[in-house]
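*Asks:* Quick one: the structure is below, questions incoming.
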Amino acid sequence: NIKACIFDLDGVIVDTAVYHYKAWKRLAAGLGFDFSEHDNERLKGVSRMRSLEIVLECGGVTKTDAEKEQLAAQKNTWYTEMINQMTPAEILPGAQEFVQSCRDAGIKTALGSASKNSMTILNKLNIVNLFDAIIDGNKVSKAKPDPEVFLKGAEELSIEPQFCVVFEDAIAGVEAAKAGGMKAVGIGDANILHEADMVVSGLDKVTLEQLEILP
Ligand code: BG6
Ligand code: MG
């Protein structure tokens, strides 16, 4: 009774966290403080502006709204320079195959990402056509854990939320899926993503049969 699968992008289809991290670290260095890999974990699934606020908080730095706009734009320039170099080789193991297996089984597929750079990344990976609907950071006004991004995906696919499964690596993303009345498969650590209905280490470790027996 699964009719649609909705996929987060960063951390599920591709590992962009490393590029986000490099760009934030460079921004922090310019402001005179170090940004650690540990703190980078807090940025997963979080919008660009909220990420900046977390980074500034880590450095104990305060900025005006206008300065924040400018800093976020600078970070994004560095980030886009890096993602423009991405190739299909960077698609995470099993991701393309799993999304394709959904399509082959007649299950609709959608992307549900907070990133405003989603289209650039999908184009670089050459997988735009894997998705029947693409909802990215440009189409939503409420960030995860609000379910808006996934509800819009379900709506564009014309599938009721209870027949949708969301694949997410971020706590906020799993919460968003559950808040939207959907099933959630966590990608990562079961101790962290404990609200998910099931947790696997990657899309190479999940089968359509497993989805059918989700609670
Ligand atoms: C999410 C990432 O997918 O997108 C976050 O997990 C990121 O780390 C967010 O901040 C927004 O991305 P972008 O590309 O719009 O700056
Ligand atoms: Mg993610």
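Computed from the coordinates by the stated procedures, all read-outs in this text should not be read as laboratory data. Just so it is clear, the structure is predicted and the values come from calculations on it, not from any experiment. FYI the Cβ positions are ideal-geometry reconstructions off the backbone, even for glycines, and counts take in every protein chain you see.
*Asks:* Of 66, 130, 117, which is farthest on the positive side of the dipole of segment 66-215, counting Cα position, with +1 on Lys and Arg Cβ, -1 on Asp and Glu Cβ, and the Cα centre as origin?
*Replies:* So the residue we want is 66.
*Asks:* Find out how many positive minus negative residues lie around residue 75, taking Lys and Arg as positive, Asp and Glu as negative, among other residues whose Cβ is under 9 Å from that of residue 75.
*Replies:* Combined, the nearby Lys, Arg, Asp and Glu give +2.
*Asks:* Whose amide H sits under 5 Å from the amide H of residue 166, counting only residues 5 or more places off or on another chain, with H placed in the peptide plane?
*Replies:* Long-range HN contacts for residue 166: 6, 183, 184, 185.
*Asks:* Viscosity 1.306 mPa s, temperature 10 °C: Stokes-Einstein D of the chain from its Kirkwood Cα radius, in µm² per second?
*Replies:* Stokes-Einstein gives a translational diffusion coefficient of 91 µm²/s.
*Asks:* Quick one: what does P(r) look like for segment 38-113 with 5 Å bins over all Cα pairs, in whole %?
*Replies:* 3, 11, 15, 18, 16, 12, 10, 8, 5, 2, 0
*Asks:* Under a Cβ-only charge scheme (Lys and Arg +1, Asp and Glu -1), can you give me the dipole magnitude of the chain about the Cα centre, in debye to the nearest 20?
*Replies:* Details: 22 positive and 32 negative charges, 101 e Å.
In total the dipole reaches around 480 debye.
*Asks:* Just want to confirm a number: the relative contact order over segment 93-215, from Cα pairs under 8 angstrom separated by 6+ residues, in percent.
*Replies:* 21
*Asks:* Follow-up question, since we're still on this one. What list do you get for 97, 155 if you sort them by fewest beta carbons within 10 Å?
*Replies:* 97, 155
*Asks:* Which whole-number percent of Cα pairs in segment 75-168 have a distance greater than 15 Å? List each step's numbers first, then the result.
*Replies:* Values: 2782 of 4371 pairs.
Summing the P(r) tail past 15 Å for segment 75-168 gives 64 percent.
*Asks:* Something else about it: Rounded to whole Hz and in sequence order, give me ³J(HN,Hα) for segment 33-47 from the Karplus expression 6.51 cos²θ - 1.76 cosθ + 1.60, θ = phi - 60°, writing x for Gly and Pro.
*Replies:* 9, 9, 10, 8, 4, 4, 5, 4, 4, 5, 8, 5, x, 8, 4
*Asks:* A follow-up question, please. Can you work out the Karplus-derived ³J(HN,Hα) for every residue in segment 109-115? Use 6.51 cos²θ - 1.76 cosθ + 1.60 with θ = phi - 60°, whole Hz, and x for glycine or proline.
*Replies:* 10, 9, 9, x, 10, 7, 7
*Asks:* Right, something else. Show which lysines lie in cross-link reach of residue 3 when reach means a straight Cα distance below 23 angstrom and same-chain residues fewer than eight apart are skipped.
*Replies:* Reachable lysines: 108, 139, 144, 152, 178, 183, 205.
*Asks:* Next question, about the same structure. Starting from segment 1-93, pick out the trypsin sites (Lys or Arg not before Pro) whose DSSP state is loop and whose Cβ has at most 15 other Cβ atoms within 10 Å. Before the final figure, lay out the partial values.
*Replies:* Working: sites: 3, 22, 25, 26, 42, 44, 48, 50, 63, 68, 75; in loops: 3, 44, 63.
Taking segment 1-93 and a limit of 15 other Cβ atoms within 10 Å, the loop trypsin sites (Lys or Arg not before Pro) found are 63.
*Asks:* Right, here's the next one. Could you tell me how many degrees, from 0 to 90 and to the nearest 10, lie between the Cα long axis of helix 17-30 and the main elongation axis, the longest principal axis, of the Cα atoms of the chain?
*Replies:* On a 0 to 90 degree scale, this one is about 10.
*Asks:* Using only the Cα atoms of segment 102-215, each taken as one equal point scatterer with no solvent, compute I(q) by the Debye sum, divide by I(0), and report log10 of the ratio at q = 0.11, 0.15, 0.22 Å⁻¹.
*Replies:* Log-scaled intensity ratios, in q order: -0.33, -0.63, -1.41.
*Asks:* Got a sec? How would 142, 152 order by Cβ neighbour count within 10 Å, fewest to most?
*Replies:* Exposure proxy ranking, most exposed first: 142, 152.
*Asks:* Net charge near residue 154: determine it from the other residues with C-beta under 13 Å of the C-beta of residue 154, scoring Lys and Arg +1 and Asp and Glu -1.
*Replies:* -1
*Asks:* Among the DSSP beta bridges whose two residues both lie in the chain, what percent are antiparallel, rounded to the nearest 5?
*Replies:* Among the beta bridges of the chain, antiparallel pairing accounts for roughly 5 percent.
*Asks:* From the phi of every residue in segment 205-215, what ³J(HN,Hα) in whole Hz does the Karplus formula 6.51 cos²θ - 1.76 cosθ + 1.60 yield, where θ is phi - 60° and glycine or proline is x?
*Replies:* So the Karplus estimates, Gly and Pro as x, are 10, 10, 10, 5, 4, 5, 5, 5, 9, 5, x Hz.
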